[in-house]
Amino acid sequence: MLVLLGVGLVQGARAAQGPVAPPATAEPAATQPPAAQAPAAPTPSALTASDARLAGDDRRTRLIVDLHGPVSGLNFRVFVLPDPYRVVVDLPQIEFGIPPETGKHGRGVVSAYRFGLIAPGKSRIVLDLTGPAAVDKSFLLDALDDQPARLVIDLVKTERAAFLRTAASQKNSDMSVHPQTPQPSPPLLPENQPGLPVVVVDPGHGGIDMGATSKSGEQEKTIVLEFARRLADKINGSGRYRAVLTRDSDTFITLAGRVQFARANRASLFISVHADTLHDPFGVRGATIYTLSDRASDAESARYAEQENKADAIAGVDLASEPGDVADILIDLTRRETKSFSNGFAKVLIDQFQAAATLNKNPHRSAGFKVLTAPDIPSVLLELGYLSSRDDVKLLTSDDWRNRAADAVVTAIDGFFQQRRANQPAASSGSAPATP
């Protein structure tokens, strides 16, 4: 009874206050989209990047990006981030026509680099460094004769103390403040469906963060977005719940932003969709459902959680600015009940997935996934399969499989809410009915 009281107080406070505001360290949310619409897709860019390459040695290294389109007056920003050492280049929206594997091989002071969209109208290039390095020069070259315009970033080896001084000075400079990724605006519920439980479907990765890649080139961020859209359509089509996507385009969202999005929408359930890759000689495959735990259930779950929790670092987000958790007995009580609900949904989901998809030999696992940390929302991470398995890739790219798997999730959602309603005490006379 004490646990239920804690949850009721938190949910009541949320209902009274309206959508939860982002923490002070996050950038203000974008303008509210029209009712019941997902976040807007990015607009086409007039600027494209056709190639990128590194030159130099371990003392001085140059990144060159070939650009096509108007570069006159193009504004871009370069800054550094420590631990791990990174150089980040923020630009207006660019269409990257560069093969994703281009940046996997480093040179000189750069061990690897990646590029992509981080928000509508904003692109980013992140360079992972082998050690501390300074930005010596950064400039644009106009197109000349048959040569395209070029973005050039020159890096030189430096000492850690100098690197940290540069990072600190940028935080205190108006021109170099780290740009936080805008979080998606909470869509409004349709006026004719005010009482439906909200299910937030979270396609993992996106934009600059591609996630895993299969040997044949399929990218996790694309596969999970396609499945999440299918799942959301089926959830909404049931008429029993309201599905909201954290992203409906190839856009990067921070892990904290995904959690904030779910809480601002007063979600009753949060499902994060992923598809990992694993280099395993025994050909591991199949779907896995993860729930939150301070201690990982096994070494593989610990590895996977650590990998997924690096998503913000991959996109060049300053993790030091993330707010800390609130240590409060009420929150602790809420977390305990939420954990129980999450585990309950995971079990129902496994039961339904058995008939629709191949399950991993150990289908229910747990670890410390940041995206599952909402204290008052039952949350699971649904691993659809492994992109390192040809059999799994064949299924994940099949319309028939997506339909069957999405139907199984909707059936599991039905079972989850039926259990919650059955476990709720009857409302007393004159009181408002309990919500699912």
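The values are calculated or read from the model by the stated rules, or taken from the named source; none is laboratory data. Keep in mind that what you see is a predicted model, and the values were worked out from it rather than measured. Reconstructed Cβ throughout: ideal geometry from the backbone, glycine too, with neighbour counts over all protein chains shown. The area values use the complete protein model at the heavy-atom level, side chains included, leaving out ligands, DNA and RNA. Shrake-Rupley method; radii C 1.70, N 1.55, O 1.52, S 1.80 Å.
Key figures for this structure:
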| read-out | value |
| --- | --- |
| Checking Thr246 against (1) modelled with pLDDT of 95 or more; (2) more than 24 Å from Asp90 (Cα to Cα), the condition it does not meet | (2) |
| Residue ranges of strands (runs of 3 or more DSSP E) in the stretch 200-296 with at least 2 members within 26 Å of Arg124 (Cα to Cα), open to solvent by less than 20 Å² (accessible area, probe 1.4 Å) and touching a Leu at 6+ places or on another chain (Cβ under 8 Å) | 269-276 |
| Some residue of the stretch 375-382 being more than 21 Å from Val199 (Cβ to Cβ) and part of a strand (DSSP E or B) | no |
| Qualifying positions in the stretch 152-170 - open to solvent by 10 Å² or more (accessible area, probe 1.4 Å) and part of a strand (DSSP E or B) | Val156, Lys157 |
| Enumeration of residues in the stretch 42-85 that are of a type in the set (Val, Ile, Thr), open to solvent by less than 40 Å² (accessible area, probe 1.4 Å) and assigned to a strand (DSSP E or B) | Thr61, Ile64, Val65, Val78, Val80 |
| Which numbered condition Val20 misses (of (1) buried (at least 17 other Cβ atoms within 10 Å of the Cβ); (2) out of contact with any strand residue (DSSP E or B) (no Cβ under 8 Å at 6 or more places or on another chain); (3) at pLDDT 50 or above) | (3) |
| Qualifying residue in the stretch 417-427 (condition: open to solvent by less than 20 Å² (accessible area, probe 1.4 Å) and either within 23 Å of the chain's Cα centre (by Cα) or at pLDDT 90 or above (or both)) | yes |
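This table checks each residue for (1) under 21 Å from Leu278 (Cα atoms); (2) modelled with pLDDT of 85 or more.
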{"position": "Glu300", "(1), (2)": "yes, yes"}
{"position": "Ala305", "(1), (2)": "yes, yes"}
{"position": "Ala315", "(1), (2)": "no, yes"}
{"position": "Ala320", "(1), (2)": "no, no"}
{"position": "Asp325", "(1), (2)": "no, no"}
{"position": "Gly344", "(1), (2)": "no, yes"}
